[in-house]
Amino acid sequence: MIFVFICYTFNKDPMKKNNRVKFKTIFLAKNFSKNRKIDLLIKWGKEFARMGIAPETKGNLSFRTQFGFIITGTGTMLGNLRPKDFVEVLRIEKKKQKFTARCKGKIIPSMEGLFHNEIYNLRPKINAIFHLHDNLVLTKGEKLKIPCTEKEQPAGSLALVEEIRKLLKKRKNIDYLIIKNHGVISLGKTLLKAKEQIKFFNKQAKNKK
Ligand SMILES: [Zn+2]
């Protein structure tokens, strides 16, 4: 028997509410097949938190699977991830302005899962996406000539997904970018590549006068 229940994501901040994408999650199963990459992300999440680039519940990590992608759930802390904080997104469908995510797991995917989904569609060779709030890179990004989205857009909005899509369409070879006044995204063919770029640019920013 297929286990189905539906959750809606809500936003407590009324100022931002209108910008956020209406997102419905349908869980097709409570569990997805075990994946040892999750153990790596649990370990690296702690490392990112220690670096100060994953404050509170900010940032999200994902990797591609045979069926879709596995991503950290909404409201999870990268510094304290547990196996149950991950969810497999099989498909995201869009009808008019409403989105439905079909998932396996027990937690609602991060609302920023929308741009992870977009990037996996745009870049078939990319297998890992890490999004972190690296303020040091944000302040030094221009000096370091790191590609940046054009306009600031609210987190979780469709406009933000569109900004990222535009930049990746224009600059087909980039695999590290800044979301204006928000954070960074690192894309990797492997998880290790995505992680190394996060550390590399953090170090570059630290050393830049
Ligand atoms: Zn973010």
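The values are calculated or read from the model by the stated rules, or taken from the named source; none is laboratory data. Note that this is a predicted model, so its numbers are computed, not measured. Neighbour counts are summed over all protein chains in view; Cβ atoms, including those assigned to glycine, are modelled from backbone coordinates with ideal geometry.
The residue that is nearest to Ser62 (Cα to Cα), counting only those in the stretch 153-192 that are away from the ligand (no atom under 16 Å from the Cβ) and in contact with a Ser or Thr (Cβ under 8 Å, 6 or more places away or on another chain), is Asp175.
Only one of the numbered conditions (1) under 21 Å from Arg50 (Cα atoms); (2) surrounded by fewer than 18 Cβ atoms within 10 Å (Cβ to Cβ); (3) touching a Leu at 6+ places or on another chain (Cβ under 8 Å) is violated by Glu150, and that is (1).
The one condition from (1) surrounded by 14 or more Cβ atoms within 10 Å (Cβ to Cβ); (2) at pLDDT below 95; (3) within 19 Å of Ala194 (Cβ to Cβ); (4) more than 16 Å from the ligand (Cβ to nearest atom) that Ser110 does not meet is (4). Inspect all residues belonging to the stretch 26-36 and state whether any of them is touching a Ser or Thr at 6+ places or on another chain (Cβ under 9 Å), touching a residue at least 40 places away in the same chain (Cβ under 8 Å) and more than 16 Å from the ligand (Cβ to nearest atom). Within the stretch 26-36 (the criterion being touching a Ser or Thr at 6+ places or on another chain (Cβ under 9 Å), touching a residue at least 40 places away in the same chain (Cβ under 8 Å) and more than 16 Å from the ligand (Cβ to nearest atom)), the answer is yes, since at least one residue qualifies.
Taking the stretch 30-49 as the range and being surrounded by fewer than 15 Cβ atoms within 10 Å (Cβ to Cβ) and either modelled with pLDDT under 95 or more than 19 Å from the chain's Cα centre (by Cα) (or both) as the test, the residues that pass are Lys30, Asn31, Ser33, Lys34, Arg36. Evaluated against (1) charged (D, E, K, R); (2) farther than 25 Å from Arg123 by Cα; (3) in contact with a helix residue (DSSP H, G or I) (Cβ under 8 Å, 6 or more places away or on another chain), Arg64 falls short on exactly one condition, (2).
Being aliphatic (A, V, I, L, M) and modelled with pLDDT of 95 or more is a property that Leu158 lacks.
Taking the stretch 113-147, which residues are within 12 Å of the ligand (Cβ to nearest atom) and surrounded by fewer than 17 Cβ atoms within 10 Å (Cβ to Cβ)? Result: Asn135, single match. If the condition is being of a type in the set (Asp, Glu) and surrounded by fewer than 14 Cβ atoms within 10 Å (Cβ to Cβ), then the stretch 88-107 contributes only Glu93.
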